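This report concerns only the one structure given below.
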Amino acid sequence: MTFVFAPPAAPSVDIAGSDARFPVHRLYCVGRNYAAHAREMGMDPEREPPFFFSKPADALVPNGTAVPYPPRTTNLHHEIELVVAIGRGGRNLPVAVALEHVYGYAVGNDLTRRDLQFAAREAGRPWDVAKGFDASAPVTAIRPATDVGHLSHGAIWLEVNGKPRQRADLSDMIWSVPEIVAELSTYFELRAGDLIFTGTPEGVGALERGDSLVGGVDGLETLRTTIV
Ligand code: MN
């Protein structure tokens, strides 16, 4: 087969303790999956359940890499999140078997142009320009569930320039990991290689050029990012 130009490299993520890489199919994200974050966004988590959006797979940024401050925003925000790596696909998965489809877990940052997100929200427009920009998805190496187990509780946190910004517990999630996988699989056929950003806790805030971000989830790699 010939192509009219070289096809782009397939996005992939490191696997902790392995030379093999995890080939990425799609990036799905959950919105407002922590009640305190939904409230800080001006929403009522009792009345509006979490929901899904997505980012392009080539928005991934490896751990330890500098992220350029993106254009068309003056309010770039961090969102530290647990990331679920799907190892076996399926559709309409029951909650009871959903974890059998999870390969492992990573730590990600759902970088957001908050000013564009609020403008889109007010106008009833899509979130793509707010969420799916280039280099908007820093992520650590994946730890396989065979090593770390399945995560349902434990600290999730982010510091910016050594100061605490976000801290919560995975048990604060409105939808648990198996509930997210099951629900998402009713909208899309899940495929091996899908990554799911599971939502951010409270404490999101603005970033500036030169900021140094360190974030984590108990049991997983530490995510280190600088904004340049
Ligand atoms: Mn998010």
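By what distance, in whole Å, do the Cα atoms of the stretch 185-225 stretch along each of the three principal axes, largest value first?
40, 23, 19
For the stretch 1-111, give the percent of accessible area contributed by carbon and sulfur heavy atoms, probe 1.4 Å, rounded to a whole number.
The C+S portion of the solvent-accessible surface of the stretch 1-111 is 55 percent.
Quick one: of the DSSP bridges fully inside the chain, what percent are antiparallel, nearest 5? Please report the intermediate quantities before stating the final value.
On the way: 41 of 50 bridges.
Antiparallel: roughly 80 percent of the beta bridges in the chain.
Over the stretch 128-219, what is the mean sequence separation of C-alpha contacts under 8 Å (at least six apart), divided by residue count, expressed as relative contact order in percent? Don't skip to the answer; put the middle values down first.
Numbers: 78 pairs, mean separation 33.9, N = 92.
Value for the stretch 128-219: 37 percent.
How big is the dipole moment of the stretch 12-227 about its Cα centre under a simple scheme where the beta carbon of each Lys and Arg is +1, that of each Asp and Glu is -1, and everything else is neutral? Debye, nearest 20, please.
For the stretch 12-227, the charge dipole is close to 420 debye.
If you find the alpha carbon centre of the stretch 192-215 and of the stretch 82-132, how far apart are they in angstrom?
Computed from Cα coordinates, the inter-centre distance equals 12 Å.
Once you wrap a convex hull around the alpha carbon atoms of the chain, what is its projected area averaged over all directions, in nm²?
13.5
Quick check: residue separation of His153 and Glu48 times 0.36 nm, minus the Cα distance between them. What number comes out in nm?
Length gained between His153 and Glu48: 35.5 nm.
Could you compute the FRET efficiency for Ala9 and Ala36, with r as their C-beta to C-beta distance and R0 at 41 Å, rounded to 0.05? Don't skip to the end; give the middle numbers.
Working: r = 39 Å, r/R0 = 0.94.
The value I calculate is 0.60.
Roll a 1.4 Å probe over the protein chains and send me the accessible area per residue for the stretch 12-227 in Å².
44
Report the one residue of Val4, Leu93, Phe53 whose Cα lies farthest in the direction of the positive end of the charge dipole of the chain (charges on C-beta: Lys and Arg +1, Asp and Glu -1; origin at the Cα centre).
My answer, from the dipole projection, is Val4.
State, to one decimal in nm², a quarter of the convex hull surface area for the C-alpha atoms of the stretch 77-146, i.e. the direction-averaged projected area.
6.2
Which one of Asn109, Asn63, Gly124 is farthest out on the positive end of the charge dipole of the stretch 12-227, using unit charges on Cβ (Lys, Arg +1; Asp, Glu -1) and the Cα centre as origin?
Of Asn109, Asn63, Gly124, it is Gly124.
For the charge dipole of the stretch 132-198, defined by +1 on Lys and Arg C-beta atoms and -1 on Asp and Glu C-beta atoms about the Cα centroid, which residue among Ala135, Ala145, Ser176 has the Cα displaced farthest towards the positive pole?
Ranked along the dipole, the leading option is Ala135.
The values are calculated or read from the model by the stated rules, or taken from the named source; none is laboratory data. These figures come from a predicted structure and were not determined experimentally. Heads up, the Cβs are rebuilt from the backbone with ideal geometry, glycines too, and the neighbour counts pull from every protein chain shown. Protein only, heavy atoms only, side chains kept; ligands, DNA and RNA dropped before computing areas. Shrake-Rupley method; radii C 1.70, N 1.55, O 1.52, S 1.80 Å.
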